[in-house]
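A quick write-up on the structure given underneath.
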Amino acid sequence: MPKKHRLAPSILAGNHADLDSALSYAESAGASWVHIDIMDGHFVPNLTFGPQTVEDLRPRSKLHFDTHLMLANPYDYVEAFAQAGSDLISIHVEPDYPIAETLQHIRNLGCQCGLVVNPPTELEVMLPFLDQIDLALVMTVNPGFGGQSFMTDQLLKVQRLAEERASQGLNYLIEVDGGVGEDNWEACRDAGADIFVAGTSFYKSDNPASFLALVES
Ligand code: DX5
Ligand code: ZN
């Protein structure tokens, strides 16, 4: 059965002094997911939100909280984000920490788990974990900031992940994140992506509801 395509607005591009409104804006446009970027100033050169932010947003919204941890030591924080109300927690393959254990830990905490690969990282690093994940996230910019240009060459990773999913009979979703917008989401979909993170392109769109409807129709 074909998977449903979904747009996941990234509140990184919303007003950080009024995240409540950023969530409502996504919800009223018809979104069912929201992407929450957690940055630590070490793994990426920027800082954003912590578990308290997620916990305070949780009662305000029924959106699927897609939490993208850009942390040097993700294992130490997954419990806090699970308890705060994340539905899905994604961790990167690049830092030096026990990936399989952390994925299992996320599962044991009752959340879905995702694994993320940065543009300079070979996809091969991710392959041993495919049977343990609910979502494979391909970064289409170097993480840290919104509003960067989409890196088309990363779609090769999306294609390979879609091939592996089919040949291994697996069921993970494939998500793309960074520079995704109305001009390129179809190329991502055609490569095999299911979930499209959209920060700038969603929050600055003249008609975010029509963008969302187009993706999810
Ligand atoms: C980048 C973040 C993205 C960011 C995307 O480090 O992981 O989720 O919000 O923003 P746009 O869509 O503006 O590239
Ligand atoms: Zn992200």
Problem set entry | For residue 184: the one exception among (1) closer than 17 Å to residue 66 by Cα; (2) among the polar types (S, T, N, Q); (3) within 16 Å of ligand 1 (Cβ to nearest atom) | (1)
Seminar exercise, completed: Within the stretch 38-75, restricting to residues that are open to solvent by less than 20 Å² (accessible area, probe 1.4 Å) and in contact (Cβ under 8 Å) with a residue 60 or more places away in the chain, the one that is farthest from residue 90 (Cα to Cα) is 44
For this session: Would you tally the residues in the stretch 112-128 being farther than 24 Å from residue 152 by Cα, open to solvent by 10 Å² or more (accessible area, probe 1.4 Å) and within 18 Å of the chain's Cα centre (by Cα)?
Result: 1
Problem set entry | helices (runs of 4 or more DSSP H) fully within the stretch 148-217 counting 2 or more residues that are among the small types (Gly, Ala, Ser) | 155-168, 185-191, 208-216
Exercise. In the stretch 108-124, which residues are out of contact with any helix residue (DSSP H, G or I) (no Cβ under 8 Å at 6 or more places or on another chain) and farther than 29 Å from residue 83 by Cα?
Worked result: 120, 121, 122, 124
Exercise. For residue 145, all conditions in the list (1) open to solvent by 30 Å² or more (accessible area, probe 1.4 Å); (2) under 23 Å from residue 94 (Cα atoms); (3) touching a helix residue (DSSP H, G or I) at 6+ places or on another chain (Cβ under 6 Å); (4) not basic (Lys, Arg) hold save one; what is the number of the exception?
Worked result: (3)
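Residue-by-condition table, conditions (1) within 24 Å of residue 213 (Cα to Cα); (2) within 16 Å of ligand 2 (Cβ to nearest atom):
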position	(1), (2)
122	no, no
136	yes, yes
145	no, yes
163	no, no
170	no, no
174	yes, yes
194	yes, yes
200	yes, yes
For this session: Filter the stretch 166-180 down to residues that are more than 16 Å from ligand 1 (Cβ to nearest atom) and within 18 Å of the chain's Cα centre (by Cα), then give me how many there are.
Result: 2
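The values are calculated or read from the model by the stated rules, or taken from the named source; none is laboratory data. Since this is a predicted model, take the numbers as computed values, not measurements. Positions of Cβ are backbone-derived with ideal geometry, glycine not excepted, and every protein chain shown enters the neighbour counts. The accessibility values were calculated without ligands, DNA or RNA, using every heavy atom of the protein model including side chains. Shrake-Rupley method; radii C 1.70, N 1.55, O 1.52, S 1.80 Å.
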